[in-house]
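Note sheet for the following structure.
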């Protein structure tokens with residue numbers, strides 16, 4: 001029973017108005033018990049479809065958890081679907097019905113006739129009390145597997161799962177733990193990264209490796225499942241050590257922290273301050289920096305100079321420099337960073353100017369980005385990037401490139 005599947009039930013979960021947060025909570029709880037969630041499904045209020053999904057889950061997992069669909073209305077089909085999938089009957093419980101009726105009575109309300117549907121129990125199930133709602137949960141052991149039916153409202157599900165399900169699972173499960181490492185990488189494409197580290201991680205099925213990519217920020221998850229925490233950590237070190245060496249300067253986080261948190265820590269450790277000057281990103285770098293609690297320790301402020309006039313007036317960029325090279329150039333990026341540092345008195349400054357699209361205003365190709373840097377040692381510098389994608393992706397790549405340039409300069413990396 002080391003593998004689990006979660007089935008969230010309800011047609012409303014298939015719309016844009018609802019997010020399945022229950023599965024995230026359950027997966028976190030199961031991982032703490034050493035159980036790996038292999039699949040999560042969302043199934044609408046379709047009894048035959050849900051019955052098929054339950055049967056399929058039982059073929060692959062020792063633990064199947066269903067959330068939702070335990071209400072009193074016609075579209076609450078979970079009880080019957082589970083009974084159908086297990087070839088068992090539904091049995092009416094007068095005790096549960098009396099409890100539901102008493103709950104309504106305490107609220108000075110009369111129980112509707114349809115609430116009696118919540119008193120039906122799958123044959124052989126253990127009823128798990130739900131003090132926060134009218135739908136009890138059910139625990140069913142079936143041919144060496146376990147099926148759990150939980151109510152959908154998170155305020156009911158979470159305390160019920162913690163109090164009733166976790167202790168039962170702990171008695172059934174072998175001693176095992178899951179430990180993870182969470183790396184974040186920038187400056188590589190997903191395909192280049194995989195080609196670099198695949199010779200290491202493909203030798204192992206435990207730990208498992210997952211690679212997730214977003215603009216300029218690739219995440220690598222290593223998950224080891226072992227009988228003890230010591231064995232899990234040993235496996236993670238065995239695989240993670242060589243991966244860390246291969247990634248080198250591209251690896252910016254060993255614990256999943258975002259790049260803005262990493263540079264914040266570096267600035268604080270050095271007693272340094274930072275200012276920013278942005279054009280095409282419109283304040284996105286400043287927003288990321290200030291999203292970190294305590295950033296006032298090192299961030300002094302920034303400038304959003306979207307027009308040439310504001311670059312000249314606020315940052316002191318020479319108008320002749322813009323006329324000669326255009327606003328999208330290394331020269332202007334350097335001048336913007338230097339201007340931000342001079343105007344604020346910060347230790348370091350970074351700048352961004354470029355063409356985010358969809359059309360170019362300077363003649364430079366869309367995706368052309370210049371990132372500037374100014375510090376106490378040496379002259380200001382700027383790097384040119386050709387960013388792929390549409391406007392949001394280009395702007396996202398640009399902010400990541402600027403923060404990574406700052407990180408590398410703070411660490412004195414090439």
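The values are calculated or read from the model by the stated rules, or taken from the named source; none is laboratory data. The structure presented is a predicted model; accordingly, all values stated were derived computationally and were not measured. Every residue, glycine as well, gets a Cβ built from its backbone with ideal geometry; the counts of neighbours run over all protein chains shown.
Exactly one of (1) out of contact with any strand residue (DSSP E or B) (no Cβ under 9 Å at 6 or more places or on another chain); (2) at pLDDT 95 or above; (3) within 24 Å of residue 264 (Cβ to Cβ) is unmet by residue 391. Its number?
Failed condition: (3).
With the requirement that a residue be in contact (Cβ under 8 Å) with a residue 12 or more places away in the chain and farther than 14 Å from residue 349 by Cα, what does the range 304-321 give you?
Step one: of the range 304-321, the residues in contact (Cβ under 8 Å) with a residue 12 or more places away in the chain are 304-306, 308, 311, 314-318, 321.
Result: 305, 306, 308, 311, 314, 316, 317, 318, 321.
Does at least one position in the range 205-219 carry a residue that is closer than 25 Å to residue 400 by Cβ, loosely packed, with under 14 Cβ neighbours inside 10 Å, in contact (Cβ under 8 Å) with a residue 24 or more places away in the chain and not assigned by TED's automatic domain parsing to the domain that holds residue 338?
Taking every residue of the range 205-219 in turn, at least one turns out to be closer than 25 Å to residue 400 by Cβ, loosely packed, with under 14 Cβ neighbours inside 10 Å, in contact (Cβ under 8 Å) with a residue 24 or more places away in the chain and not assigned by TED's automatic domain parsing to the domain that holds residue 338.
With respect to residue 175, determine if the residue is out of contact with any helix residue (DSSP H, G or I) (no Cβ under 9 Å at 6 or more places or on another chain) and surrounded by 20 or more Cβ atoms within 10 Å (Cβ to Cβ).
Numbers: out of contact with any helix residue (DSSP H, G or I) (no Cβ under 9 Å at 6 or more places or on another chain): yes; surrounded by 20 or more Cβ atoms within 10 Å (Cβ to Cβ): no.
So residue 175 fails the test.
Being more than 16 Å from residue 137 (Cβ to Cβ) and part of a loop (DSSP other than H, G, I, E, B) is the filter here; which residues of the range 82-118 pass it?
87, 88, 89, 107, 108, 109, 110, 111, 112
Do we find a residue being under 22 Å from the mean Cα position of the chain (by Cα) and either assigned to a helix (DSSP H, G or I) or modelled with pLDDT of 95 or more (or both) anywhere in the range 158-179? Outline the logic, then answer.
Taking the range 158-179 first, the residues under 22 Å from the mean Cα position of the chain (by Cα) are 158, 177-179.
Add one more test, that the residue is either assigned to a helix (DSSP H, G or I) or modelled with pLDDT of 95 or more (or both), and what stays is 158.
Taking every residue of the range 158-179 in turn, at least one turns out to be under 22 Å from the mean Cα position of the chain (by Cα) and either assigned to a helix (DSSP H, G or I) or modelled with pLDDT of 95 or more (or both).
Please indicate, with yes or no, whether at least one residue in the range 186-195 is farther than 22 Å from residue 404 by Cα, at pLDDT 95 or above and crowded, with 16+ Cβ neighbours inside 10 Å.
No, the conditions are met nowhere in the range 186-195.
Answer yes if at least one residue in the range 310-329 is buried (at least 22 other Cβ atoms within 10 Å of the Cβ), in contact with a strand residue (DSSP E or B) (Cβ under 8 Å, 6 or more places away or on another chain) and not in a helix (DSSP H, G or I), and no otherwise.
yes
I'd like to know if the range 284-303 contains one or more residues that are touching a residue at least 40 places away in the same chain (Cβ under 8 Å), part of a loop (DSSP other than H, G, I, E, B), more than 22 Å from the chain's Cα centre (by Cα) and surrounded by 14 or more Cβ atoms within 10 Å (Cβ to Cβ).
Within the range 284-303 (the criterion being touching a residue at least 40 places away in the same chain (Cβ under 8 Å), part of a loop (DSSP other than H, G, I, E, B), more than 22 Å from the chain's Cα centre (by Cα) and surrounded by 14 or more Cβ atoms within 10 Å (Cβ to Cβ)), the answer is no, since none of the residues qualifies.
Of all residues in the range 220-258 being under 19 Å from residue 400 (Cβ atoms) and without any contact (Cβ under 8 Å) to a residue 40 or more places away in the chain, which is surrounded by the fewest Cβ atoms within 10 Å (Cβ to Cβ)?
Here the answer is 248.
Is it true that some residue in the range 364-372 is surrounded by 15 or more Cβ atoms within 10 Å (Cβ to Cβ) and over 29 Å from residue 262 (Cβ atoms)? Break it down into steps so the answer makes sense when it comes.
Going residue by residue through the range 364-372, those that are surrounded by 15 or more Cβ atoms within 10 Å (Cβ to Cβ) are 364, 366-372.
Checking the rest, the ones that are also over 29 Å from residue 262 (Cβ atoms) come to 364, 366.
Checked against the condition, which is being surrounded by 15 or more Cβ atoms within 10 Å (Cβ to Cβ) and over 29 Å from residue 262 (Cβ atoms), the range 364-372 yields at least one hit.
Mind counting the residues in the range 126-156 that are buried (at least 17 other Cβ atoms within 10 Å of the Cβ) and in a strand (DSSP E or B)?
Final tally of qualifying residues: 12.
The rows are residues; the columns are (1) in a loop (DSSP other than H, G, I, E, B); (2) surrounded by 15 or more Cβ atoms within 10 Å (Cβ to Cβ); (3) in the same structural domain as residue 263 (by TED's automatic domain parsing).
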site: 346; (1), (2), (3): yes, yes, yes
site: 349; (1), (2), (3): no, yes, yes
site: 361; (1), (2), (3): yes, no, yes
site: 379; (1), (2), (3): yes, no, yes
site: 382; (1), (2), (3): no, yes, yes
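Suppose the filter is part of a helix (DSSP H, G or I) and assigned by TED's automatic domain parsing to the domain that holds residue 133; does residue 193 pass it? So that I can check it myself, show each step before the final result.
Values: part of a helix (DSSP H, G or I): yes; assigned by TED's automatic domain parsing to the domain that holds residue 133: no.
No, not satisfied.
Which of the residues spanning the range 105-125 are without any contact (Cβ under 8 Å) to a residue 24 or more places away in the chain and touching a helix residue (DSSP H, G or I) at 6+ places or on another chain (Cβ under 8 Å)?
110, 111
Considering the range 6-38 alone, what residues qualify as being touching a strand residue (DSSP E or B) at 6+ places or on another chain (Cβ under 8 Å), closer than 20 Å to residue 166 by Cβ and part of a helix (DSSP H, G or I)?
Within the range 6-38, 22, 23, 26, 27, 30, 31, 32 qualify.
State all residues of the range 60-81 that are at pLDDT below 95 and assigned to a helix (DSSP H, G or I); if no residue qualifies, say none.
Correct list: 60 only.
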